């Protein structure tokens, strides 16, 4: 048992159990019924499957490879490429080498291996694998997946019909503790304004079609995808100026759509993937995702780049974050004559909320005690509080040209909970969903000129948001709505409204 726990902490999944499961175990066929009797072209293109990994459990990698070999028709599977991003686990290297030699003895050159001499991260590892691939189509996967039956034909067919399509399978989950396969609902793949990727409800047009085996149009990619090998190069591969992990799949999706291609998820191509309990290969992904997100914003998002800075709560000018050289990516955009990000939002990702009315964002402080910030307080209380400033999401505040004050997370899509607005309810400050407060004509408009430090006054009730002395908490103050005494508030960042029109 202690051994099992140790390996779980190391890998983020139960490798002790994995080592005891068959490498070619059967998994349930989770395809929608309509997939099972589809006919496909006789002359589909071949595929190279690339698996990338660092210090993964050997049984998990080998099960990924076995499932690829067993469930991809052999005449369509040209080769398998293993990209080792500088693993330091000797046992892993030995076990893989043994398997590779054995397989290549039967099928010379079938498995190719690429070893990085230093850790390059997921993004460059995918590109390394692509460089070695020789089939007309390349599938780029993590090495902790299991392919389901019949996954390849529908994917290769869609790419054969149109080489500018990038295809993602539909993902199911391999539970990290029991290794059971859990069916996930059919989804498109998108992102929030911090550019973390996420599953989305398929678009309305797909539901109207009432055919659950039809391809799902997708605004972005979650990570693993299949692409025409040469088209991938024409469109600019992945942004190798990004670091380690995060944002590259969003960048690829946005770029492909803006530059004339398309992205779709296929319900008939199902791949199960281990969602680890924790990612073992890096201390903190946040700083990488943030830096990568700002690269995407600066190259692809035009006037909407402000939304990414707002979501991360960092100033747009002098952010203090070095995003590296983006001139090559900007030149790529120009060369491919790509459309605007506004076009993308309107046509491809209409579920994404736009915040063009925001004129100031950051943390909100009162001059009476400036180590305290307005904070959304406990999630479901809907009562804003004062708390020591830490600048994380619960203290994000956004002020709009329509005189609203949003507090907390910037709601990414219309399917998510609405933003919370600061409202005067019976002379008490409350946080209420903005759409509800607007519909009910509540007191949600605030005068806050935000040129330097100014009071925040409710337009209807004329009361001001102020700090009142209190012995209820350790800070000596609580938030109150009262007759204005001239207390002044400031918010960290202002946006020039001209850039938002």
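Values in this text are rule-based calculations from the coordinates and carry no lab data. This structure is a prediction, so every number in the text was calculated from the model and none was measured. Note that we place each Cβ from the backbone using ideal geometry, even for glycine, and neighbour counts take in every protein chain shown.
For an R0 of 22 angstrom, estimate the FRET efficiency from the Cβ-Cβ distance between residue 90 and residue 110 and round to the nearest 0.05.
Working: r = 24 Å, r/R0 = 1.11.
Approximately 0.35, to the nearest 0.05.
If N is the number of residues in region 2-274, what value comes out of its Cα radius of gyration divided by 2.2 N^0.38 Å? Walk me through the numbers before you get to the answer.
Working: Rg = 17.8 Å, N = 273, 2.2 N^0.38 = 18.5 Å.
In units of the 2.2 N^0.38 Å rule of thumb, it is 0.96.
When the alpha-carbon atoms of region 358-500 are used, the pair Rg, Dmax equals 14.1, 44 angstrom. Counting beta carbons within 10 Å around each of 21, 195 and listing the fewest first gives the order 21, 195.
Taking max minus min of the alpha-carbon positions on each principal axis, region 149-253 gives extents of 37, 37, 28 Å, largest first.
Please state, as a whole number in µm²/s, the translational diffusion coefficient that the Stokes-Einstein equation yields for region 267-418 at 10 °C and 1.306 mPa s, with Rh defined as the Kirkwood radius across alpha carbon pairs. Mind dumping the intermediate values first?
Values: Rh = 18.2 Å.
In µm²/s, the coefficient is 87.
What is the percent of Cα-Cα separations in the chain that go past 34 Å? It would help to have the intermediate numbers written out before the result.
Details: 55254 of 125250 pairs.
That fraction is 44 percent.
Taking 0.36 nm per residue of sequence separation and removing the Cα-Cα distance, the residue 276/residue 371 pair yields an extension gain of 30.4 nm.
Angle of helix 90-106 to the longest C-alpha principal axis of the chain, folded into 0 to 90 degrees and rounded to 10: 40°. The angle between the Cα long axis of helix 286-300 and the main principal axis of the chain comes to about 90°, on a 0 to 90 degree scale. For helix 152-161, what angle does its Cα long axis make with the longest principal axis of the chain, in degrees from 0 to 90 and rounded to 10? Computed tilt is about 80 degrees. A simple spin-label model places pseudo-atoms 7 Å from Cα toward Cβ; at residue 134 and residue 20 they are separated by 4.2 nm. Applying 1/(1 + (r/R0)^6) with R0 = 30 Å to the Cβ-Cβ distance of residue 478 and residue 436, what FRET efficiency is obtained, to the nearest 0.05? After rounding to 0.05, the efficiency reads 0.75. For the pair region 425-473 / region 265-333, the C-alpha centres are spaced 34 Å from each other.
Can you give me the C-alpha center-to-center distance between region 15-92 and region 210-230, rounded to a whole angstrom? Each part reduced to its Cα centre gives a spacing of 18 Å. Applying the Kirkwood pairwise sum to the alpha-carbon positions of region 248-324 produces a hydrodynamic radius of 14.9 angstrom. Hull volume per residue, based on the alpha-carbon atoms of region 1-90 and their convex hull, is 129 Å³. Pairwise Cα distances in region 336-416 exceed 16 Å in 62 percent of cases.
For region 273-363, the fraction of alpha-carbon pairs lying more than 20 Å apart is 49 percent, rounded to a whole number. Over the residues of the chain, the helix contribution to mean residue ellipticity at 222 nm works out to -7500 deg cm²/dmol, using -39500 (n - 2.57) for each DSSP H run of at least 4.
Note on region 12-156: Cα convex hull, mean projected area over all directions, 9.4 nm².
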